1. Within the accessible area of the chain, what % is carbon and sulfur when the probe is 1.4 Å and the other protein chains stay in place?
2. Averaged per residue, what accessible surface does segment 22-62 expose to a 1.4 Å probe, in Å²?
3. For a quick protection proxy, order the peptides 13-24, 82-93 by their average other-Cβ count within 10 Å, most packed first.
4. Above 24 angstrom, tally the Cα pairs of the chain and express them as a % of all pairs, no decimals.
5. Any chance you could check the Cα centroid distance between segment 80-151 and segment 26-54 for me, in angstrom?
6. As a check on your grasp of the helix formula, calculate [θ] at 222 nm for the chain: sum -39500 (n - 2.57) over DSSP H runs of n ≥ 4, divide by the residue count, round to the nearest 500.
7. What percent antiparallel are the DSSP beta bridges of the chain, to the nearest 5?
8. Pop out the ³J(HN,Hα) list for segment 125-139 in order, Karplus 6.51 cos²θ - 1.76 cosθ + 1.60 with θ = phi - 60°, rounded to Hz; leave Gly and Pro as x.
Amino acid sequence: MIKDREQSMMEEALRLAWEAYKQEEVPIGALIVLEDKIIAKAYNQKESLQDPTAHAEMLAIKEACKHLNNWHLDNATIYVTLEPCPMCAYAMIQARVKRVIFGAFDSKAGAAGSVINLFQENLFNHDVEVVGGILEEDCGAVLKKFFQSRR
């Protein structure tokens with residue numbers, strides 16, 4: 001049952017990634033779930049907003065905090081199609097996110113174990129549970145297609 005929920009939520013994040021792809025943004029999608037309800041959705045918008053912090057995760061965190069009127073996202077799970085970068089990982093720690101579930105690993109900037117692991121126990125004042133590799137192939141395929149079309 002849990003696996004089915006994780007897969008279904010990642011499919012929704014992947015749908016958001018394809019929306020980013022259509023907008024000519026790096027195709028990464030993220031959503032935040034609290035008590036089995038999606039409270040925030042976003043995709044990368046660095047190009048359209050001309051903002052280097054407009055990663056899918058950052059935008060979803062902002063939306064979730066606004067929705068809750070609280071910067072604490074205790075018990076929330078964030079689903080993202082690509083392993084978070086250091087900026088996004090630390091924002092998740094600061095927001096007190098309970099879990100991050102990601103699709104594809106990022107060997108160039110991944111901060112959940114690929115390059116660095118900011119989520120390691122006792123590294124900061126809050127621990128975040130991490131699960132990687134959910135729909136990894138599908139999440140990686142949209143990125144691969146995007147970057148191939150850029151070459």
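The values are calculated or read from the model by the stated rules, or taken from the named source; none is laboratory data. Bear in mind that the values here come from a model prediction, so they are computed numbers and not experimental data. All Cβ positions, even for glycine, are placed from backbone atoms using ideal geometry, and neighbour counts span all protein chains on display. Areas reflect the complete protein model, heavy atoms only, side chains present, ligands, DNA and RNA absent. Shrake-Rupley method; radii C 1.70, N 1.55, O 1.52, S 1.80 Å.
1. Heavy-atom surface of the chain belonging to carbon and sulfur, 1.4 Å probe: 48 percent.
2. Numbers: 2110 Å² over 41 residues.
Per residue, segment 22-62 has 52 Å² of solvent-accessible surface.
3. On the way: 13-24: 19.0, 82-93: 22.8.
Ranking the peptides 13-24, 82-93 by packing returns 82-93, 13-24.
4. Considering the chain, 24 percent of its Cα-Cα pairs are separated by more than 24 Å.
5. Taking the Cα centre of each part, segment 80-151 and segment 26-54 sit 13 Å apart.
6. Result for the chain: -13000 deg cm²/dmol, rounded to the nearest 500.
7. In the chain, DSSP labels about 60 percent of beta bridges as antiparallel.
8. Coupling constants for segment 125-139: 7, 8, 9, 10, 6, 10, 10, x, x, 7, 6, 3, 5, 5, 5 Hz.
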